[in-house]
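The structure appears right after this line, and notes come after that.
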Amino acid sequence: MDMKLNIPPIVLYLVLTISGTAQSVGIDIKKFGGIPDADITQAFTDAWKVACASTSASKILIPNGTYKMKAVDVKGPCMAPIEIQIDGTIQAPADPNALDGAKQWVKIGYANFITLSGKGIFDGQGAIAWKQNDSLVHLSKHANDFSLFFCKQNFGFNFVNHSMVRGITSKDSKSFHVILFGCYNFTFDGFHISAPETSINTDGIHIGKSTDVKILNTNIATGDDCVSLGDGSIHVTVQNVNCGPGHGISVGSLGKYTNEEPVKDLLVKNCTLTNTENGVRIKTWPNSSQTYLVTDMHFEDITMVDVLNPVIIDQEYCPWNHCPKQSPSKIKIRKVSFSDIKGTSKSKEGVIFICSKAVPCEDVELNNVALTFKGDPIVAKCANVRPKFAGKAPPCTA
């Protein structure tokens, strides 16, 4: 189902702003039996149905208080814009089995002009699931099945266009906090993600097969990538984002599955990474099944604070050292720039470029990369790439 509409950003902004004004039809969750300290699964679903059928912009209101909610799966298309304003705390069941097999706790699909707003918290109560995720690591090592992890996310937005998430907090998701799939013109602004460093496989925002995505003014603390781009991600901006703890801001991993699509046009700007495992990274699996392009990746004005691996291109990505490496990655990486990168590295090799022997990286540039390790300049390790240097930047070593 093609839900894509060609609407200029300024028009989107006006529509979403209008949907949040007094012109919106207020739909209080209390009207449907949604009260604090109770389960609001059915109340939320019923409120959505009324809002979706309304020919005027609607606002679903979830006021202060603590609520329980099982998995919800709501869909459009809807007749008019919908804002869901959450000012309370909504808790998922702590037991992952209580989600009845749902891969996403809050799933919204096939809708346009949706806004999630407020100062509320979606608490995934993920502690039990993280222990299970730890067991899945061992299973995945032997089964070589990365898909075992893709379950029990706090949010799933599927084919949702011209939409926005602002102000709210995603806390302690059982797996990824947010998955964006097949979306167009989607913005996160002032979003908060919170989970401990020990929470396994809790990527912050994962983007797949989506176009024109913006992540702005957002704080992400989690146990895996703060932001990750899957295949088919096009025209993505990550700006004014604080990441840490976590595994950094990543393109990939790519090349694991068949029928993947190119990734292009990424800007990561004015971000700070603190005590993360990685900084900014592009990662592809060896022995990839197909060839496609990753191009126009730009990282600029980035501050690293005690980051283990600040700048990485890794085309031999293998998180458990249990990968077939008979043939190199076929993913072609080109037109990548790292500009005005400053701060401190926890390793001497603060820049690592391990490109593919089959399709070496092209047009990679280091411009004013001023990172230090224990007070001294870092060094760069490079393979199958000839970077261009400008300003202050570490020279490549083999």
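Filter segment 248-283 for residues that are hydroxyl-bearing (Ser, Thr, Tyr) and within 18 Å of Phe353 (Cβ to Cβ); which is surrounded by the most Cβ atoms within 10 Å (Cβ to Cβ)? That would be Ser250.
Give segment 207-224 a look and list any residue that's over 16 Å from Trp130 (Cβ atoms) and either crowded, with 24+ Cβ neighbours inside 10 Å or at pLDDT below 95 (or both), or say none.
Applying the first criterion (over 16 Å from Trp130 (Cβ atoms)) to segment 207-224 yields 207-220.
Matches in segment 207-224: Ile207, Ser210, Ile215, Thr218, Ile220.
How about segment 347-391: which of its residues are assigned to a strand (DSSP E or B), charged (D, E, K, R) and over 17 Å from Asn278 (Cα atoms)? Explain how you work it out, then say what you get.
If we filter segment 347-391 for residues that are assigned to a strand (DSSP E or B), which is where we start, we get 349-354, 362-373, 376-377, 379-383, 388-390.
Next cut, charged (D, E, K, R) only: 349, 362-363, 365, 376, 381, 388.
Of everything in segment 347-391, those that are assigned to a strand (DSSP E or B), charged (D, E, K, R) and over 17 Å from Asn278 (Cα atoms) turn out to be Glu362, Asp363, Glu365, Asp376, Lys388.
Tell me whether segment 316-331 contains one or more residues that are of a type in the set (Val, Ile, Thr) and outside any strand (DSSP E or B). First the steps, then the outcome.
Step one: list which residues in segment 316-331 are of a type in the set (Val, Ile, Thr), which gives 331.
Within this subset, residues satisfying the condition of being outside any strand (DSSP E or B) are 331.
Yes: segment 316-331 contains one or more residues that are of a type in the set (Val, Ile, Thr) and outside any strand (DSSP E or B).
Pick out the one residue from Pro245, Pro286 that is under 16 Å from Asp203 (Cβ atoms) and either assigned to a strand (DSSP E or B) or open to solvent by 10 Å² or more (accessible area, probe 1.4 Å) (or both). Criteria check complete, one pass: Pro245.
Out of the residues in segment 151-175 that are modelled with pLDDT of 95 or more, in a loop (DSSP other than H, G, I, E, B) and in contact with a helix residue (DSSP H, G or I) (Cβ under 8 Å, 6 or more places away or on another chain), state the one that is farthest from Ile200 (Cα to Cα). Result: Asp172. Residue check: Met79 meets all listed conditions (1) in contact with a helix residue (DSSP H, G or I) (Cβ under 7 Å, 6 or more places away or on another chain); (2) modelled with pLDDT under 95; (3) open to solvent by 70 Å² or more (accessible area, probe 1.4 Å) but one, namely (2).
Listed here are the strands (runs of 3 or more DSSP E) enclosed by segment 183-231 that have at least 2 residues being within 18 Å of Asp265 (Cα to Cα): 184-189, 205-208, 211-221, 227-229.
Residue by residue, here is whether (1) under 20 Å from Val72 (Cα atoms); (2) more than 13 Å from the chain's Cα centre (by Cα) holds:
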| residue | (1), (2) |
| --- | --- |
| Ile168 | yes, yes |
| Lys174 | yes, yes |
| Val178 | yes, no |
| Asn201 | no, no |
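The set of residues from segment 89-135 being out of contact with any helix residue (DSSP H, G or I) (no Cβ under 9 Å at 6 or more places or on another chain) and small (Gly, Ala, Ser) comprises Ala98, Gly101, Ala102, Gly109, Ser117, Gly118, Gly120, Gly124, Ala127, Ser135. The set of residues from segment 181-205 being within 24 Å of Gln132 (Cα to Cα) and surrounded by 24 or more Cβ atoms within 10 Å (Cβ to Cβ) comprises Ile193, Ala195, Ser199, Asn201, Thr202, Asp203, Gly204, Ile205. Somewhere in segment 39-62, is a residue open to solvent by 30 Å² or more (accessible area, probe 1.4 Å), modelled with pLDDT of 95 or more and small (Gly, Ala, Ser)? Yes, because at least one residue in segment 39-62 is open to solvent by 30 Å² or more (accessible area, probe 1.4 Å), modelled with pLDDT of 95 or more and small (Gly, Ala, Ser).
The values are calculated or read from the model by the stated rules, or taken from the named source; none is laboratory data. Keep in mind that this is a model prediction, so the values were computed, not measured. Glycine gets a Cβ as well: all are built from the backbone with ideal geometry, and neighbour counts include every protein chain shown. Remember, those area values only see protein heavy atoms, side chains included, never the ligands or the DNA or RNA. Shrake-Rupley method; radii C 1.70, N 1.55, O 1.52, S 1.80 Å.
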